[in-house]
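Notes to accompany the following structure.
The values are calculated or read from the model by the stated rules, or taken from the named source; none is laboratory data. Predicted model, so just to flag it, every value in this text is computed and none were measured. As a convention, Cβ positions derive from the backbone with ideal geometry for all residues, glycine included, and neighbour counts pool all protein chains shown.
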Amino acid sequence: MKIKSLLIANRGEIAIRICRTAKDMGIKTFGIKTAKEPKAHYLSFVDEIIDFCDEGDDVPEFLDVERIVQTAKGHNIDAIHPGYGFLAESPYFAQRCEEEGINFIGPSPEAIYKMGNKTIAKGIAKKYKVPLLQGSLGNLMGPQEAKQIASKIGYPVILKAAAGGGGRGMRIVEKATQIEKMYKLASTEALKAFNDASVFVEKYVRNPRHIEFQIIGDKHGNYVHLGERECSVQRKHQKLLEESPSPALDDKLRKEMGDAAIRIAEGTKYFSAGTVEFLLDDDKKFYFMEMNTRIQVEHPVTEMVTGVDLIELMIRIAEGEKLPFTQKDIVQNGWAIECRINAEDAQSSFAPYLGVVDKIQYPRSKNIRIDSGITDSSVVTPYFDSMLAKLIVHGETREKAISNCLNALNKFWVKGIKTSIPFCKAVLNNKKFRNGDFNTSFIEKEMDELFYQGEYDEMLAAYLATFDFAAGLETERTTHIDFEQGKNISPWILNKRLRSL
């Protein structure tokens, strides 16, 4: 059945992303206005706003399953797209939509549940002959069982939350004397984060690469993978920069990993978009890690190299359509890199940076895509993720993509708060990264400097700090700063000169 109306049960850049595709498909869009962001930028994109600004709500707006479902039902909305995060991986939410006759844009509740529980997912991977790390297939009964398994497979091992992800409920154990303490920490964190204290143990691979495959399946049993994404630039298991394809894979390994990802999808009768994640060791051996049953933050790099609109496919699959292509039709063209522009201070251990975005200036080019949920005067609050925008850049080769990305970052300005832009520049200027020689320990071991400053950055910062944006374009046209002539001038002297203009 064709979807005519869609509630976007999310916020920020992903809400705008979904809204744009839905509108292109002729679908009426609804957005949720919350008390924490009553003037949020994403609300200006939807056709109709639903006000959730009640005072005294105990449940966060985007986690209130019943309210969202009943709201959609009350407005006669055909479908709900959860984006990522929040309720995107909740089998209960998908089940409630199904029960109320609302089309959930995503996989079945059964698939979400099976792949959301890491021990069940590992059992499916084993059944379909997908490589696994040694460890427990089921949940641990306690620290003594963890110790017994660890003694057989050898240290180091890692304890992981069975119901979790995103680095929460995970603890690395180097020796037997640490098991009890680490088990308690992992279990307690898992309970707090996922309301499930269950953990399992597996062999810990030191400094692997993190490679994930984008898969897509329909309700008729057709499956395709859209290639891989390299996600090894991360801190505390949080991804910071992604690219597609990966510099670590050749055609043979890409086919082996892609086929394994498809077997996981087939084993769960999966439909919609999903991501199968692997660890890749120094010997080019890969191991199943988990499956994310939703659209990923980093999906634009896949879209950029394949030309496929993943959100459109998700909607069409939910409507019952078949995939419009087969595996042989998928071709990766060039290279794409995504930088997550976060409101963080990299020089202060990536501490969140709250405040008002006084002015934001995006780079523009045919090879650049910006996904953002903020605009001038947007407020960065402590209530949501620190990501402000995603910069996605394409190039014919990896070297060209890196060069294009650096050029784009040099034209990406945010006034009022600190961001991760200097960190992204530092990564792209790092020799080992440019050579493709990196893994998940890259930031800790290879990044001597977490902050990159170009030769004009101080002067441009001073210029932006004093420029009167409200004065209009006429002042901008008549004001000229010769940065080449003055690049060695003290920023304080430059600042004084700018004030006199």
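Brief remarks on what is shown
- The numbered conditions (1) in a strand (DSSP E or B); (2) modelled with pLDDT of 95 or more; (3) closer than 28 Å to S108 by Cα are all true for F200 except (2).
- Residues located in region 331-367, provided they are more than 20 Å from E242 (Cα to Cα), in a helix (DSSP H, G or I) and in contact with a helix residue (DSSP H, G or I) (Cβ under 9 Å, 6 or more places away or on another chain): Q347
- Flag for A9 being of a type in the set (G, A, S), within 22 Å of M115 (Cβ to Cβ), in contact (Cβ under 8 Å) with a residue 24 or more places away in the chain and touching a helix residue (DSSP H, G or I) at 6+ places or on another chain (Cβ under 7 Å): yes
- Breaking point among (1) at pLDDT 95 or above; (2) surrounded by fewer than 20 Cβ atoms within 10 Å (Cβ to Cβ); (3) farther than 30 Å from K425 by Cβ, for G274: (2)
- All of (1) outside the structural domain of G138 (by TED's automatic domain parsing); (2) out of contact with any Leu (no Cβ under 6 Å at 6 or more places or on another chain); (3) buried (at least 21 other Cβ atoms within 10 Å of the Cβ) hold for I179 with one exception: (1).
- Scanning region 48-60 for residues that are in a loop (DSSP other than H, G, I, E, B) and of a type in the set (A, V, I, L, M, F, W, C) turns up F52, C53, V59.
Yes/no per residue for (1) surrounded by 16 or more Cβ atoms within 10 Å (Cβ to Cβ); (2) under 23 Å from the mean Cα position of the chain (by Cα); (3) at positive phi:
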{"position": "F104", "(1), (2), (3)": "yes, yes, no"}
{"position": "N117", "(1), (2), (3)": "yes, yes, no"}
{"position": "A125", "(1), (2), (3)": "yes, no, no"}
{"position": "K129", "(1), (2), (3)": "no, no, yes"}
{"position": "G135", "(1), (2), (3)": "yes, no, yes"}
{"position": "N139", "(1), (2), (3)": "yes, no, no"}
{"position": "A146", "(1), (2), (3)": "yes, no, no"}
{"position": "G154", "(1), (2), (3)": "no, no, yes"}
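- Here W413 clears all of (1) under 27 Å from D448 (Cβ atoms); (2) surrounded by 20 or more Cβ atoms within 10 Å (Cβ to Cβ); (3) of a type outside the set (S, T, N, Q); (4) in contact with a Leu (Cβ under 9 Å, 6 or more places away or on another chain) except the condition numbered (2).
- Figure legend. Inter-residue proximity from region 308-323: first residues more than 17 Å from Q214 (Cα to Cα), second residues modelled with pLDDT under 95, beta-carbon distance below 9 Å, spacing 6+ or different chains. Indicated pairs: E319/M1; G320/M1.
- Boolean, R364 is surrounded by 15 or more Cβ atoms within 10 Å (Cβ to Cβ), more than 19 Å from the chain's Cα centre (by Cα) and either basic (K, R) or in the same structural domain as R11 (by TED's automatic domain parsing) (or both): no
- Of the set (1) in a loop (DSSP other than H, G, I, E, B); (2) touching a Lys or Arg at 6+ places or on another chain (Cβ under 8 Å); (3) buried (at least 21 other Cβ atoms within 10 Å of the Cβ), all apply to G320 but (3).
- Boolean, A72 is crowded, with 22+ Cβ neighbours inside 10 Å, aliphatic (A, V, I, L, M), over 21 Å from I18 (Cα atoms) and not assigned by TED's automatic domain parsing to the domain that holds L140: no
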